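I have placed the structure first, in the form of structure tokens, so that the comments after it can refer back to it.
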């Protein structure tokens, strides 16, 4: 086997891990693939005979490529001064909680990607590398060009933001019931989840059973431009739109109320609000104008 073939085989063995790392950094499968491919190009052009830990070397390269890509698309400039968030104590010497970090690391999903997208590039890199891939702060420091203590502080700030967002996101998956004269009835969260399941399965009859016969579906102008119907009336018409549809929204809290959100590249694109009366969905609102909408996706 030639050196090039050995290197290619070695790289392929690391590719899944490198792609996972880059995806968590970038929130886009396509960009993650680009970052990994760029890393292979750099590897194939480098002298690696003196590299003792090739996997660690590749991790560093992918992290740097992903960081550059993330910085290039960020509209807001990053403050390179190591400061804490307003009103929060400086805790760079505070010990990390391994159990807490493990819980956060296992919470990877669309919701976490949305939260990560609110971080600065350096914060995101420090959190992803340390909390999800166990990279030491000494190595992270060389990537972000800061001290190990500053790299620890970046991860700490990111961790606090994720912690603040996670409880809200998790409540979206909890069933909420309305108390009626005859006992508890299905609430929005239950119906939203059941609606999602029936839609994915193409269960026409199940969808019909959840919808009020006179249900109204309305979409905002931006959603209409994306190809969504402006208005539909009647359970049959609404069911035909959603039954068997190749979509993948997730349960969410939309302005504090249970609903569904479809996200792409880690960013919410469409929000589905449900109006429920007497255990049935009477209206669905589809929104693509989400700038002022508070969304917490279920992790």
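Tabulated data
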read-out	value
Which of 55, 219 has the fewest Cβ neighbours within 10 Å, and the rest in rising order	55, 219
Sorted by Cβ density within 10 Å, fewest first, the residues 196, 207	196, 207
Extended-chain gain in nm, criterion 0.36 nm per residue less alpha-carbon gap, residue 6 and residue 117	36.3 nm
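Taken together, the values in this text are just the output of simple stated rules run on the coordinates, not laboratory data. Just so it is clear, the structure is predicted and the values come from calculations on it, not from any experiment. Reconstructed Cβ throughout: ideal geometry from the backbone, glycine too, with neighbour counts over all protein chains shown.
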